[in-house]
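Inspection log for the structure reproduced underneath, given as structure tokens.
The values are calculated or read from the model by the stated rules, or taken from the named source; none is laboratory data. From a predicted model like this one, the values you see are computed outputs, not experimental measurements. Counting neighbours? That spans all protein chains shown, and the Cβs are built from the backbone with ideal geometry, glycine included. Calculation scope for accessible area: heavy atoms of the full protein, side chains included, ligands and nucleic acids excluded. Shrake-Rupley method; radii C 1.70, N 1.55, O 1.52, S 1.80 Å.
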Amino acid sequence: MSKRVSRRSFVQGTGAAGAGFWIAGRQIGYGQEKSPNAKVNVAVIGVDGRGAGHVDGLKDENMVALCDVDESRLDKQAAKFPAAKKYTDWRKMLEECKEIEAVSVATPDHSHAPAAATALKLGKHCYTEKPLTRTIYEARVLTELAAKNPKLVTQMGNQGHSRDERRKLVEALQQGVIGKVTEFHSWTNRPIWPQGLDRPQGGPECPKTLNWDLWLGPSPERPYHKQYHPFSWRGWWDFGTGALGDMACHIMDAGYWGLKLGYPVEVEAEGDPLKPECGPKWSIIKQKFPARGDLPAVDVIWYDGGKLPPEEKAAGIKLRDGEKNVVGNGNIFIGDKGTIVVTDEQSGAWKVIGKDGKVVDQKELKTEETIRRVPGGMGGHFKDWVGGIKGGPRPHGEFAYSGPFTEMVLIGIPAFRVGKKLEWDGPTMKAKNCPEVDPYIKTEYRKGYSL
């Protein structure tokens with residue numbers, strides 16, 4: 001039997017029905033219990049770039065394995081953990097390295113779901129970088145896998161979700177500081193990588209330390225080109241999710257959380273001329289959400305590539321100085337009693353502007369603290385996940401939250417690619433009026449990769 005068949009059989013033979021296994025006298029897997037002072041046996045998939053932050057965020061745990069498709073990057077990080085096993089194929093790592101208890105995934109977007117799904121099926125706790133997945137279907141699969149295995153602790157890597165300022169903003173929205181919110185605008189200064197391109201022709205040879213076939217993973221084969229790797233993959237639909245996927249899981253988080261958005265019922269998108277394989281240089285995505293209990297219907301609008309909400313929406317807060325964006329990433333919430341403007345998404349700073357146009361001192365808001373604070377705030381996002389594994393509070397960014405949130409974010413991409421307003425049925429992941437969108441909701445994978 002080949003190694004590939006063996007690996008597939010191994011994954012399928014465990015999965016959601018598998019029990020925990022025993023190492024050094026304690027059970028790990030679905031039935032795992034750990035002392036708060038014990039170290040978790042962790043592995044990181046994708047260890048450079050954003051993955052370097054994962055390695056650093058988990059350095060106080062027991063690093064038992066590291067995986068990267070580029071051996072030079074792998075060796076650089078592995079030098080910090082002499083006892084950690086090294087792998088270039090995450091499938092082989094998850095099959096062979098039985099001591100792994102928790103997996104952190106920091107690959108490009110196209111490999112997030114296959115790696116995370118395999119980890120969950122094998123009974124591993126899982127932290128996955130944002131966006132949680134590349135497609136809507138993948139997000140649904142991870143949400144369902146996590147629900148089937150409730151003892152596993154999960155987390156998406158949108159670190160601002162753990163920031164005090166984000167949680168205060170969510171409390172302000174939920175407690176009616178600006179009344180009933182009917183408009184929610186979000187924007188980013190991304191993309192900061194090339195988009196709006198045709199597929200490149202020719203190019204340099206693949207670096208000798210890079211296994212290009214493993215880097216492609218589940219995506220269709222194509223020759224190596226530096227316009228894909230090491231940085232610009234985000235702009236290509238086979239690998240990334242453009243400016244929307246990169247930043248909206250940060251920027252739209254407070255609105256999705258605070259307004260309890262759920263699924264939109266209508267989605268439409270515009271942008272610069274469509275390139276079939278690459279994201280646009282700019283886009284504006286409009287979503288309509290129905291009333292939710294006592295919350296009114298709300299229009300949600302996303303802007304990227306230098307586009308911004310109309311100035312009058314910002315209640316006197318300047319968004320642009322000439323051609324320069326004063327606020328590179330931000331939000332506007334418009335309610336019947338006032339407006340909230342997130343003036344600096346990087347720090348989480350926000351202002352309340354009353355109907356009279358005056359900024360309200362936040363000390364006067366008198367909101368109640370209803371959401372648990374994370375020690376260390378944004379810097380405690382990894383520790384919050386690990387703390388949940390050790391029996392502490394479950395993190396708020398688990399896949400039960402971040403999976404549906406990712407679906408809401410990503411729906412703008414298929415709407416843009418088909419160029420039609422979608423009448424969206426969230427529970428079924430179907431556009432009632434547009435079956436041609438289906439291939440962008442669920443894509444095929446290369447042999448050897450699956451969910």
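Descriptive notes on the structure:
- Under 19 Å from LYS288, Cα to Cα: aspartates and glutamates that are on another chain or at least 8 residues apart: GLU183, ASP253, GLU266, GLU268, GLU270, ASP299, ASP304, ASP336, GLU407, GLU423, ASP425
- Rounded accessible area of TYR445 (nearest 10 Å², 1.4 Å probe): 60 Å²
- Sites matching GluC sites (Glu not before Pro) across region 296-336 that sit in DSSP coil, with at most 15 neighbouring C-beta atoms within 10 Å: GLU323
- In the context of the full set of protein chains, the chain has a per residue accessible area of 42 Å² (1.4 Å probe).
- Percent carbon-and-sulfur accessible area, the chain, ignoring ligands, DNA and RNA, probe 1.4 Å: 51 percent
- Placing +1 on the Cβ of every Lys and Arg and -1 on the Cβ of every Asp and Glu, with nothing else charged, gives region 326-451 a dipole about its Cα centre of roughly 240 debye.
- Length-normalised contact order of the chain in % [C-alpha pairs under 8 Å, at least 6 apart]: 20 percent
- Förster radius 35 Å - calculated FRET efficiency between LYS180 and LYS318, Cβ distance, rounded to 0.05: 0.85
- The reciprocal of the average 1/r between distinct C-alpha atoms defines the Kirkwood hydrodynamic radius, which for region 252-389 equals 17.6 Å.
- Charged-residue dipole, Cβ positions (Lys, Arg, Asp, Glu), region 109-182 about Cα centre, Debye nearest 20: 160 debye
- Summed side-chain charge close to PRO264 - residues other than PRO264 whose Cβ falls under 12 Å, Lys, Arg +1, Asp, Glu -1: -2
- Radius 13 Å from Cβ of ASP70, net charge of other residues (Lys, Arg +1; Asp, Glu -1): -2
- Under conditions of 10 °C and 1.306 mPa s, region 198-239 yields 147 µm² s⁻¹ as its translational diffusion coefficient, taking Rh as the Kirkwood radius over Cα pairs in the Stokes-Einstein equation.
- Computed from point charges on the beta carbon alone (+1 for Lys and Arg, -1 for Asp and Glu), the dipole magnitude for the chain about its Cα centre is near 940 Debye.
- Toward the positive end of the charge dipole of the chain, with +1 on the Cβ of Lys and Arg and -1 on the Cβ of Asp and Glu, the farthest Cα among TYR263, TYR440, VAL40 is that of VAL40.
- Look at the alpha carbon pairs under 8 Å that are at least 6 residues apart: their mean separation over the length of region 295-451 gives a relative contact order of 8 percent.
- Across the options ILE178, ALA52, VAL352, the greatest Cα extent toward the positive end of the charge dipole of the chain (unit charges at beta carbon of Lys, Arg, Asp, Glu) belongs to ALA52.
- Spatial separation of Cα centroids for region 53-98 and region 146-202, in angstrom: 28 Å
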